[in-house]
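These notes concern the structure reproduced below.
What follows is calculated from the coordinates using simple rules that are stated; it is not laboratory data. Just so it is clear, the structure is predicted and the values come from calculations on it, not from any experiment. In this analysis, Cβ positions are derived from the backbone assuming ideal geometry, glycine residues included, and neighbour counts consider all displayed protein chains.
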Amino acid sequence: MKAAFDLTTQLAFYKSYHSNDTNVKIHAVFVPLILYSSMAILHRVELCMGWTLTHLLAVVFAGYYLALDLKAGALAATILTVTVKGIDSGVLDIPVSWAMVTFTTGWVAQFLGHGVFEHRRPALLDNLVQSLVTAPFLILFELLFALGFYKSLHLELLQRVKRENAKTGR
């Protein structure tokens with residue numbers, strides 16, 4: 001259970017499946033689009049007192065991200081909150097048909113990225129829930145790494161992935 005709340009362990013698991021630059025770029029575009037389209041779709045499922053499955057998803061993801069890392073988690077929680085508020089207000093809401101096309105296109109692109117560029121099965125086939133929750137957070141961290149933040153974490157992740165890939169012959 002401790003590993004579930006260890007930032008480096010969680011990010012390293014997911015990152016170890018994403019070593020090819022083209023596949024990483026595909027994920028950088030489509031993971032956020034899949035999350036957004038999921039939120040747009042789940043917004044139609046009302047729970048109670050004005051809450052939808054989108055609200056629940058955002059609270060669970062934000063809470064988990066905050067538990068993993070307070071600073072990046074706060075940024076992720078802010079992004080999720082703005083997205084939820086935008087969908088609630090109609091500004092960021094899209095028709096379900098558009099959301100479904102975006103969602104499907106995103107998944108197809110990612111599977112192609114793994115098959116054509118990564119030559120490795122997607123992480124979600126080994127750990128579905130962990131992959132779905134970690135993917136958006138790793139994409140945020142990839143942006144933060146590119147901007148020069150979290151340098152020691154980035155180096156640690158690269159070392160862990162290198163060791164893991166060496167063990168498995170990748």
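Of note:
- Any chance LEU33 is farther than 14 Å from SER131 by Cβ and either touching a residue at least 12 places away in the same chain (Cβ under 8 Å) or buried (at least 17 other Cβ atoms within 10 Å of the Cβ) (or both): yes
- Among (1) over 17 Å from the mean Cα position of the chain (by Cα); (2) among the β-branched types (Val, Ile, Thr); (3) outside any loop (DSSP other than H, G, I, E, B) - the single one VAL108 does not satisfy: (1)
- Within the stretch 159-170, residues that are in contact (Cβ under 8 Å) with a residue 12 or more places away in the chain and under 10 Å from SER16 (Cα atoms) reach partners that are charged (D, E, K, R) and part of a loop (DSSP other than H, G, I, E, B) with beta carbons closer than 9 Å, at six or more positions or on different chains, in the pairs GLU164/ARG170; ARG170/ARG120.
- Residue that is of a type in the set (Asp, Glu), part of a loop (DSSP other than H, G, I, E, B) and on the phi < 0 side of the Ramachandran plot, where the choices are ASP93, ASP88: ASP93
- Residue pairs meeting the criteria (Cβ under 7 Å; at least 6 apart or on separate chains; first free of Cβ contacts under 8 Å to residues at least 24 places away in the same chain, in the stretch 66-94; second in a loop (DSSP other than H, G, I, E, B) and of a type in the set (Gly, Ala, Ser)): none
- Among the residues making up the stretch 40-88, those that are surrounded by fewer than 17 Cβ atoms within 10 Å (Cβ to Cβ) and of a type outside the set (A, V, I, L, M, F, W, C) are ARG44, GLU46, GLY50, GLY63, LYS71, THR78, THR81, LYS85, GLY86, ASP88.
- Of all residues in the stretch 99-115, those that are buried (at least 16 other Cβ atoms within 10 Å of the Cβ) have Cβ atoms under 6 Å from Cβ atoms of residues that are part of a helix (DSSP H, G or I) and hydroxyl-bearing (Ser, Thr, Tyr), 6 or more apart or on another chain, in ALA99/SER37; THR102/SER37; PHE103/SER37.
- The set of residues in the stretch 127-164 being of a type in the set (S, T, N, Q), farther than 20 Å from ALA4 by Cα and surrounded by 14 or more Cβ atoms within 10 Å (Cβ to Cβ) is empty.
- Selected residue [touching a Ser or Thr at 6+ places or on another chain (Cβ under 9 Å), among the hydrophobic types (A, V, I, L, M, F, W, C) and under 17 Å from ALA72 (Cα atoms)] from LEU125, LEU157, LEU140, LEU144: LEU157
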